[in-house]
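Peer 1: Once you've had a glance at the structure underneath, I'll fire off some questions.
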Amino acid sequence: MERKVAIVTGGSRGIGAATAQCLGREGWAVAVNYRANDAAAEETSKAVVAAGGLAMTVRGDTASEDDVTRIFNAVEAEWGRLDGLVNNAGIVGPLGRFDALTRDDMEHVLAVNVTGYMLCARAAVKRMSTKYGGNGGVIVNVSSGSARSGGANRNILYAVSKGAVNSLTIGLSQEVAGEGIRVNTVSPGLTRTDMTSAGIPEPEFQARESAIPAGRAGEPDEIAEGIVWLMSEAATYVAGANLRIAGGRP
């Protein structure tokens with residue numbers, strides 16, 4: 001395998017699918033990870049190939065340590081190398097006030113959005129770090145502006161999980177920079193995806209768009225371009241960064 005190899009978690013839809021396709025245009029071999037939607041993952045895989053890359057689909061729940069091990073082993077068995085990880089799989093969780101949350105709500109969101117990211121990052125480090133005989137690589141964690149705004153009255157739990165993602169990037173980037181691995185974050189603003197718009201009536205979504213200086217929500221492709229730039233040779237001295245892509249919103 002001469003191409004660079006990346007795993008994109010949550011790669012069947014939204015920002016993950018757009019990122020996989022963008023990597024394909026840059027000639028990467030992309031493992032499209034997904035949890036349940038076989039058809040969507042296959043569609044993304046075909047789009048990667050049509051864009052000029054190679055693709056495989058790997059089903060698995062990133063909140064499960066056994067599944068994460070199986071995902072990374074499958075990619076290693078197929079292509080024999082790993083050069084990048086896009087930690088993207090995530091869930092919003094229940095919307096509403098914080099005091100309405102149950103313990104199960106909290107544990108589920110943190111398992112996917114935090115533990116899942118850490119499990120995948122650990123697996124990637126053990127394969128890419130020069131400490132373990134790897135050739136280096138890059139990890140991009142997909143966070144959210146909610147980590148800064150706090151999500152009051154709507155999604156504090158989600159914001160908490162993304163704050164943890166930001167801390168993961170800050171710490172891990174320093175730990176492995178000397179081992180050939182760059183770790184960065186992308187923090188999208190309001191983006192038109194199935195996950196973001198779930199449960200939001202279109203008039204409310206449009207009202208939220210009007211509060212953005214650019215006057216609109218972002219598109220998955222626009223977020224993907226930032227992710228892929230961070231994975232590229234143009235960003236070889238970028239580590240520990242948090243790239244905000246939000247149409248002018250802080």
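The values are calculated or read from the model by the stated rules, or taken from the named source; none is laboratory data. Given the structure is predicted, the values throughout are model-derived calculations rather than measurements. Note that we place each Cβ from the backbone using ideal geometry, even for glycine, and neighbour counts take in every protein chain shown.
Peer 1: Checking Lys126 against (1) out of contact with any Phe, Trp or Tyr (no Cβ under 8 Å at 6 or more places or on another chain); (2) among the charged types (D, E, K, R); (3) assigned to a helix (DSSP H, G or I); (4) over 20 Å from Ala17 (Cβ atoms), which single condition isn't satisfied?
Peer 2: Result: Lys126 passes all but (1).
Peer 1: A further question on this structure: Name the single residue, out of those in region 142-154 being in a helix (DSSP H, G or I) and not charged (D, E, K, R), that is nearest to Met128 (Cα to Cα).
Peer 2: Among those that are in a helix (DSSP H, G or I) and not charged (D, E, K, R), it is Ala147.
Peer 1: Go through region 72-89 residue by residue and tally those that are among the small types (Gly, Ala, Ser) and not in a loop (DSSP other than H, G, I, E, B).
Peer 2: Matching residues across region 72-89 total 3.
Peer 1: Separate question: Within region 3-11, can one find any residue that is in a loop (DSSP other than H, G, I, E, B), at pLDDT 95 or above and surrounded by fewer than 19 Cβ atoms within 10 Å (Cβ to Cβ)?
Peer 2: Filtering region 3-11 for residues in a loop (DSSP other than H, G, I, E, B) gives 3-4, 9-11.
From what's left, at pLDDT 95 or above: 3-4, 9-11.
Pick out the ones that are also surrounded by fewer than 19 Cβ atoms within 10 Å (Cβ to Cβ) and you get 3.
Yes, that holds for at least one residue.
Peer 1: What is the number of the single condition among (1) surrounded by 13 or more Cβ atoms within 10 Å (Cβ to Cβ); (2) over 13 Å from Ser143 (Cβ atoms); (3) modelled with pLDDT of 95 or more that Leu230 does not meet?
Peer 2: (2)
Peer 1: Next question. From the list Leu157, Leu168, which residue is of a type outside the set (Phe, Trp, Tyr), in contact with a Pro (Cβ under 8 Å, 6 or more places away or on another chain), part of a helix (DSSP H, G or I) and on the phi < 0 side of the Ramachandran plot? Spell out the reasoning first.
Peer 2: Numbers: Leu168 fails: in contact with a Pro (Cβ under 8 Å, 6 or more places away or on another chain).
That would be Leu157, the only listed residue that is of a type outside the set (Phe, Trp, Tyr), in contact with a Pro (Cβ under 8 Å, 6 or more places away or on another chain), part of a helix (DSSP H, G or I) and on the phi < 0 side of the Ramachandran plot.
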